[in-house]
Amino acid sequence: MRQKSSLIKDKEAVKAMRTACGISSQLHTLSMTGAVVGLTEKELAQKISRVYETTEAGSWAYPMLVGAGSRTTIIHAQPTQKKIKEGELVLIDMGIKYKGFASDITRTWPAGKKFTKEQKTIYEIVLTAQKEVIKATRPGETLTGLHALSKEILLEGLLCHKVISKDEFSEVFPHKTSHWIGRLVHDACPYFNEDETAVKLEAGMLFTVEPGLYLKNRKDKYNNIGVRIEDVVLVTEDGCEVISSVAKEVDEIEELRAYC
Ligand code: GLY
Ligand code: MN
Ligand code: MN
């Protein structure tokens with residue numbers, strides 16, 4: 001475990017992280033503008049890899065994850081020979097390293113041109129949670145506090161749309177909202193102080209905001225809908241800055257998908 005002090009990144013590190021996130025964002029945006037129906041998850045991953053070869057990226061930060069349809073509900077879906085079909089969602093979790101610093105971005109979007117009604121409902125619940133966590137990020141906050149906020153918003157959205165009952169919540173959101181990021185995609189810095197209180201955020205810290213919902217083994221129209229939205233944020237003196245930059249509003253995504 002690295003020292004707490006290494007959570008605060010210097011200017012050079014932040015600059016490298018910005019470039020890493022910039023390159024990864026471009027790869028995500030490109031993948032979102034291409035036709036994917038009929039391709040396999042592996043073929044889509046290969047397409048992205050061919051563009052990656054033309055960038056300044058040093059390496060991948062982690063093996064790219066691509067899941068379509070029911071496989072969006074697998075948190076870490078390695079790309080397979082599954083063919084991507086019209087009406088399905090595609091979830092890509094992908095990030096490169098630049099000058100030794102990692103990026104980590106996830107986007108979920110329709111294989112065709114538009115989200116279905118149910119996909120859009122779930123997507124908007126996740127997007128609201130992600131944006132509210134980003135809004136609440138500032139020095140003095142903690143990742144524990146932000147995770148509690150994320151859970152509250154996801155649960156409220158699901159209950160409001162009568163998607164699940166309260167006791168099913170941990171099954172549909174089984175991971176944390178955030179992790180530190182730096183030279184490693186999961187930067188090995190402490191989350192708690194020696195007295196077991198949560199580490200408070202300070203300017204210069206970098207972490208991910210990645211709420212998700214994974215709905216499976218259901219008999220209704222919400223079955224096989226998995227959505228995660230993940231960005232990298234930098235804590236600033238009075239809030240935070242999102243340093244990854246890929247479309248995430250429903251209308252922005254549908255505009256990009258309209259070209260495919
Ligand atoms: N790419 C792994 C994660 O999001 O933590
Ligand atoms: Mn992550
Ligand atoms: Mn990720």
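Determine which member of the set Leu127, Leu184, Leu154, Leu149 is under 25 Å from Val246 (Cβ atoms), within 15 Å of ligand 3 (Cβ to nearest atom) and either assigned to a helix (DSSP H, G or I) or over 14 Å from the mean Cα position of the chain (by Cα) (or both).
Result of the check over Leu127, Leu184, Leu154, Leu149: Leu184.
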Kindly indicate which of Ile225, Ile243, Ile253 is at pLDDT 95 or above and within 16 Å of ligand 2 (Cβ to nearest atom). Ile243
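Could you list, in sequence order, the residues of the stretch 130-146 that are surrounded by 14 or more Cβ atoms within 10 Å (Cβ to Cβ) and outside any helix (DSSP H, G or I)? Full working, then the answer.
Going through the stretch 130-146, the residues surrounded by 14 or more Cβ atoms within 10 Å (Cβ to Cβ) turn out to be 130-134, 136-139, 141-146.
Across the stretch 130-146, the qualifying residues are Thr137, Arg138, Pro139, Glu141, Thr142.
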Within the bounds of the stretch 46-63, is there any residue that is over 24 Å from Thr19 (Cβ atoms), surrounded by 19 or more Cβ atoms within 10 Å (Cβ to Cβ) and in contact with a strand residue (DSSP E or B) (Cβ under 7 Å, 6 or more places away or on another chain)? no
Within the stretch 129-168, residues touching a Lys or Arg at 6+ places or on another chain (Cβ under 7 Å) and at positive phi come out as Gly140
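From the list Arg18, Arg2, pick out the single residue that is basic (Lys, Arg), out of contact with any helix residue (DSSP H, G or I) (no Cβ under 6 Å at 6 or more places or on another chain), within 16 Å of Asp231 (Cα to Cα) and open to solvent by 70 Å² or more (accessible area, probe 1.4 Å). Don't jump to the end; show me each part of the working.
Numbers: Arg2 fails: within 16 Å of Asp231 (Cα to Cα).
It is Arg18.
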Just the residues that are out of contact with any Leu (no Cβ under 6 Å at 6 or more places or on another chain), part of a helix (DSSP H, G or I) and not charged (D, E, K, R), please, taken from the stretch 157-176. Gly157, Leu158, Leu159, Cys160, Ser170
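Taking the conditions exactly as written (of a type outside the set (Asp, Glu), closer than 25 Å to Tyr259 by Cβ and surrounded by fewer than 23 Cβ atoms within 10 Å (Cβ to Cβ)), does Pro79 satisfy them or not?
Details: of a type outside the set (Asp, Glu): yes; closer than 25 Å to Tyr259 by Cβ: yes; surrounded by fewer than 23 Cβ atoms within 10 Å (Cβ to Cβ): yes.
Yes: the conditions hold for Pro79.
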Only one of Leu149, Leu184, Leu158 is modelled with pLDDT of 95 or more and either within 16 Å of ligand 1 (Cβ to nearest atom) or farther than 14 Å from Ala129 by Cβ (or both); which? Leu184
If you take the residues of the stretch 178-208 that are of a type in the set (D, E, K, R) and within 16 Å of ligand 2 (Cβ to nearest atom), which of them is surrounded by the fewest Cβ atoms within 10 Å (Cβ to Cβ)? Arg183
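Quick grid of which residues meet (1) touching a Gly at 6+ places or on another chain (Cβ under 9 Å); (2) small (Gly, Ala, Ser):
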residue	(1), (2)
Ala35	no, yes
Arg50	no, no
Thr73	yes, no
Thr80	yes, no
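The values are calculated or read from the model by the stated rules, or taken from the named source; none is laboratory data. If you're wondering where the values come from, they're calculated on a predicted model, not measured in any experiment. Reconstructed Cβ throughout: ideal geometry from the backbone, glycine too, with neighbour counts over all protein chains shown. Surface areas here come from the heavy atoms of the whole protein model, side chains and all, with no ligands, DNA or RNA. Shrake-Rupley method; radii C 1.70, N 1.55, O 1.52, S 1.80 Å.
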